[in-house]
Amino acid sequence: MKERYVPENDVPSWPSDDKDTSSVEPTGTKGQSEATVWLPMSGLANGKTEELAVPKVTPESDSWFQPVVEVEEEPDVPETPTPKWSAFEPVTPVKPEPEAPKTVFAQPVRPQQTDKPDWDQFDRGAATPTRDHELARPEPRPEPQRPEPPLQEPQRPEPPLQEPQPPRRPEQSRIEPPPPAPVPSATMHARPVRIEPAEERFDSEATVGIQRPEPPSQEPPAAETEAAPAPKPKRKRKALLITTLVVVLLLAGMGGAAAMPKVSNRLGLPWAPNAPKGDIPKPAGVTRVLHGPDINGVAPTKEGLAAALSGPAGALDLGTLTGTVVDASTGDVLWDKNSGTPLTPASTTKILVVAAALLSMDHGTQISTKVVQGADPSTAILVAGGDPSLTSLPLGTDSPLYPGAAHVDDLVAQVKKASGGKITKVQLDISVFKGPTSAKGWDPEDTAAGNTYMAPVLPVMADGGRNDPKNDHAPRVANPAAALTQKIAGKLEAQAGGTTTAPKDAKVLGEVKSQPLTEFANSLLQLSDNLMADVLARQIALAKGGEASFTGGATATMNVLKEAGFDLTGVQINDGSGLSDQNKIPAKVLSEILAVAAAPDGKDPRTAKLRPLLAGLPVAGGSGTLEKRYGDPASAAGRGWVRGKTGTLSGVNTLAGVVLDTDGRMLVFALMSSGSDQNKGRAALDVVAATLHKCGCR
């Protein structure tokens, strides 16, 4: 069954004065498929029976009944001789002739003293079953209908249709009602009606719904009407219904909004998803101090530890293995395997450099990069201070590789402001570093263009010389210092002018500083950043009054550690990164430095200086160079518990760090493998460290 279209003008707006406008026939909104015309009814007015009119939705074209007042159409609108009724065709309004229309004023009938008017005096013969929101409409002729337009409002179930009947003219359905009681003369409009499927009629004001009234027609046709015997509109009741509807809608809207998770969370309502499910916990004290190991845990015995490590430490994949395990609480050596034998340390060399820097420099030290004015005020000179961590990322974007690093854009902005934008040339001063840019024992490819792990050791560059500031494994440029100079010159709309030496006491146009030493060292250890390690070794040399070169950095590092009381017998280093295959370090030196850093508070005066060394060590399966390790079943027990510095060269695998055993005792270890395969050697070292965590070993 096809659904019927629900008209939008069920309840007309009644005028507030006594002027009779019932002769005005509303028409449909332009472009819509229905219009309001007049439903014939019988009534009594002025002592005789007249045809009354009630607004009703009727089809397009001519009405199927003749209006009481004859209306002629304008010449430009031809009259349709044989109207074809369709409930959904657009209505063509009937326009009047220039002659003034006739209007008959009717006397209203006094309403009876009852709750509901006597609807029996109206004609039922022309009524057709309708829904609650519809006025009575005539039955359509059995003719083809056009496609129905989309419904605008939710539809109710449709009552069963009656058999089609030929439309009647008003004269055929007129019924003479009994004469009503005399009432005072007054002008009154016929009240529209709503007819239920059971042919019960009700005042249209009783219909509850959101009505969209039809706009008035621009050229309404005239028609004679007579007032229907109906009570006056109940304005108060209508206002009350509308007010009630508005309140219900507001309450429904508020209830719906309160049910939304975001709203209920914000208002703290009981049903909010974030509402506490239990008592709010009491605040607990938090300290950011890095504590030492648990000295109350039971230490493993030497025998127990030797038994536990006999299998993992004897694996063939380790080649030649040396190492040691130390109880951090007491400093006692619990396990040792040729720990005094110097072997190639690879990147564990960085432990010595970071320890020397923490012992000899203030932990808040920052490396400065300046731009000063040259002899010609239009020339700016980039004065390198030894910071390779400057980032080319925009201001407000922190470097993922070097958190807290200074921004190139910050330096450029300062120069523009100080110079008034009059810089035409930018030169470079890298005189702070001396000697070659690569060390003894390095492979020639270590500083070649496109290398992913090292760049020429120069005192200034952006993002460690990488061509991608967010990718640790991005290729490095061949001359990163010159590349930065060109970048700054481009931002200043100037020319790059080569290298020079800045005049003493030159006017500073801009200055930025690196992250503090502890953060600098943290990034160095997490990434095992070779360039930063060699730069840091030269900073130690500068702090001790030495030459900022490979030789000066190595010498300064050794001297600081010796002065701090460490036995460096067998140590030989040529750089700070560990790229040199001629570096030699015994495992016991690595373990002694780490044991002091992990010692209980107050036991060793060097501990406070070296403690940040532990914070920079990568976490097994969690961060840095250990992030992708400890995934094998044999080493998975060490995930999250082992912290260590890795080292890898051809045939060399090393690992040195700290781990908590099952009793909460902190153990320090240093493991050095020579002649081992890279992948198999790494995996075997991880098993040894994981075994230390699983060990109660008594």
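The values are calculated or read from the model by the stated rules, or taken from the named source; none is laboratory data. Because the structure is predicted, anything quoted here is derived from the model rather than measured. Cβ placement follows ideal geometry from the backbone for every residue including glycine, while neighbour counts extend to all protein chains displayed. Heavy atoms of the whole protein, side chains included, go into the accessibility calculation; ligands, DNA and RNA do not. Shrake-Rupley method; radii C 1.70, N 1.55, O 1.52, S 1.80 Å.
Computed quantities for the displayed model
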{"quantity": "Dipole moment magnitude, nearest 20 debye, the stretch 516-650 about Cα centre, only Lys, Arg, Asp, Glu C-beta charged", "calculated": "280 debye"}
{"quantity": "With all protein chains modelled, accessible area of R606 [1.4 Å, Å²]", "calculated": "60 Å²"}
{"quantity": "FRET efficiency, 1/(1 + (r/R0)^6) with R0 45 Å, evaluated for V298 and D410 via beta carbons", "calculated": "0.25"}
{"quantity": "Mean-position separation - Cα centroids, the stretch 449-500 and the stretch 325-363, in angstrom", "calculated": "34 Å"}
{"quantity": "Residues with amide H under 5 Å from that of A496, placed H, sequence gap 5 or more", "calculated": "V426"}
{"quantity": "Distant-in-sequence amide H partners of L334 (H built 1.01 Å from N, under 5 Å)", "calculated": "V325, V326, D327"}
{"quantity": "Distance between modelled label sites at Q495 and T365, nm, 7 Å Cα→Cβ extension", "calculated": "4.0 nm"}
{"quantity": "Segment A615-K562, extension gain: residue separation times 0.36 nm, minus the distance between their alpha carbons", "calculated": "16.8 nm"}
{"quantity": "Inter-label distance, nm, simple model (7 Å from Cα along the C-beta direction), Q486/A608", "calculated": "5.0 nm"}
{"quantity": "Carbon/sulfur fraction of accessible area - the stretch 445-582, other protein chains in place, 1.4 Å, %", "calculated": "45 percent"}
{"quantity": "Cα-based shape type of the stretch 566-698, given that a ≥ b ≥ c are square roots of the gyration tensor eigenvalues and the cut on a/c is 1.5", "calculated": "oblate"}
{"quantity": "Sites E547 and L316, calculated FRET efficiency, Cβ-Cβ separation with R0 51 Å, nearest 0.05", "calculated": "0.70"}
{"quantity": "Rounded to the nearest 10 Å², the accessible area of Y453 at probe 1.4 Å", "calculated": "90 Å²"}
{"quantity": "Å² per residue, accessible surface of the stretch 305-357 at 1.4 Å", "calculated": "30 Å²"}
{"quantity": "Karplus (6.51, -1.76, 1.60) ³J(HN,Hα), θ = phi - 60°, over the stretch 459-472, in Hz, Gly and Pro reported as x", "calculated": "x, 7, 5, 9, 6, x, x, 6, 8, 10, x, 10, 10, 5"}
{"quantity": "Heavy atoms of H473: accessible area, 1.4 Å probe, square angstrom to 10", "calculated": "130 Å²"}
{"quantity": "T424-N467 FRET efficiency (beta carbon distance; Förster radius 30 Å; 0.05 resolution)", "calculated": "0.65"}
{"quantity": "Stretchable slack from N338 to T437, in nm (0.36 nm times residue separation minus alpha-carbon distance)", "calculated": "32.1 nm"}
{"quantity": "Accessible area of the stretch 559-601 divided out per residue, in Å², using a probe of 1.4 angstrom", "calculated": "32 Å²"}
{"quantity": "Heavy-atom accessible area order for W335, W271, W641, largest first, 1.4 Å probe", "calculated": "W271, W641, W335"}
{"quantity": "Distance in nm between pseudo-label sites at Y453 and A634 (7 Å out along the Cβ direction from Cα)", "calculated": "2.3 nm"}
{"quantity": "Full-stretch length increase - T243, A375 - with 0.36 nm per residue and alpha-carbon distance subtracted", "calculated": "39.1 nm"}
